[in-house]
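Reviewing the structure listed below.
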Amino acid sequence: MLTLAQAAQSITDSQSTANAWSLFVDSFDIFSVALIIGSLFAMTLIVRILMDARRSVIAPESTFQNLREHLKQDNLGGFEKGLAEDTSVVSIASNAAYRVRHKGKDAMRDAAELAASNACARWVRPLDTLRIIGELGPLVGLAGTVWGMIIAFVRLGQAGGSAGPTDLSLGISKALFHTMLGLVLAVPCLLIYGLYRSVVEKHCNTAMAQAGEIVDMIPENGGADGENKQA
């Protein structure tokens, strides 16, 4: 008896899978293509965010300690080498300040702040794109839902108001299928955006604080001598 029940369940599952695939094929249209492409693009962004939105990437403590140690020892050669070998926010901001050190501390701080803001946009921009995709997904799904209902009512009109469930099933399945795709696209996008936006801002603020400390330690090269050295 158990074997027969398992066989019956297997047959039922196979039929359900076939029906789901048939529904997918029958409901496939321009709205489905847009939602599937959006989902693939969103998955790429999510993977990138999960890999990059970490303190070890945005504001690595080892880089900060290394640059600070070189400045404490007045080892500008090692400091310049450390800046060239790293692409974190603190290195980018410190490098911008170091290039204008002959103009004084105020110019160095302004250059570092501008460079840090531009560098942080590297991590904020994918999150904003993810939010836009998450907000547009349900709207595209709604457009597909309306289109599916239009198809259903057109078929009802063509049948003179006496259409059966089979005649209406394609339009209704399109409507529900697009709604599902829109929600499947929106939920992970908005979830990752909500979770990681504050994380990225926290790490960027840490990097800016580190860069500020490094900039205050960079020696000034003032006057004509500093300009000649810079040239």
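Each value in this text was obtained by applying a stated rule to the coordinates, not by laboratory testing. Just so it is clear, the structure is predicted and the values come from calculations on it, not from any experiment. All Cβ positions, glycine included, derive from the backbone under ideal geometry; neighbour counts span all protein chains shown.
Report, ordered by chain and residue number, the aspartates and glutamates lying within cross-link reach of K174, taken as a straight Cα distance under 17 Å and ignoring same-chain residues fewer than 8 apart.
Cross-link targets: D26, D29.
Output wanted: per-residue J couplings in Hz (rounded whole) for region 193-200, from phi through Karplus 6.51 cos²θ - 1.76 cosθ + 1.60, θ = phi - 60°, x for Gly and Pro.
4, x, 6, 9, 4, 5, 5, 5
Give the relative contact order (percent, whole number) for region 28-222; include only Cα pairs under 8 Å separated by 6+ residues.
Working: 246 pairs, mean separation 66.9, N = 195.
About 34 percent, as a whole number.
When the Karplus curve 6.51 cos²θ - 1.76 cosθ + 1.60 is applied with θ = phi - 60°, which whole-Hz ³J(HN,Hα) does each residue of region 214-221 get, with x for Gly and Pro?
Per-residue couplings from phi come out as 5, 4, 5, 8, 6, x, 7, 10 Hz.
In terms of the Cα gyration tensor, with a ≥ b ≥ c the square roots of its eigenvalues, is region 55-136 rounded because a/c is under 1.5, prolate because a/b exceeds b/c, or oblate? Kindly include the intermediate steps, with their values, before the conclusion.
Working: a/c = 3.71, a/b = 1.86, b/c = 1.99.
Oblate.
Fewest first, what order do R101, R131, R125 take by the number of other Cβ atoms within 10 Å?
Values: R101 21, R131 16, R125 11.
Neighbour counts put them in this order, fewest first: R125, R131, R101.
Say R0 is 22 Å: what FRET efficiency, to the nearest 0.05, do L191 and N118 get from their beta-carbon distance? Write down the numbers at each step before the final one.
Numbers: r = 28 Å, r/R0 = 1.26.
The pair L191/N118 has a calculated efficiency of 0.20.
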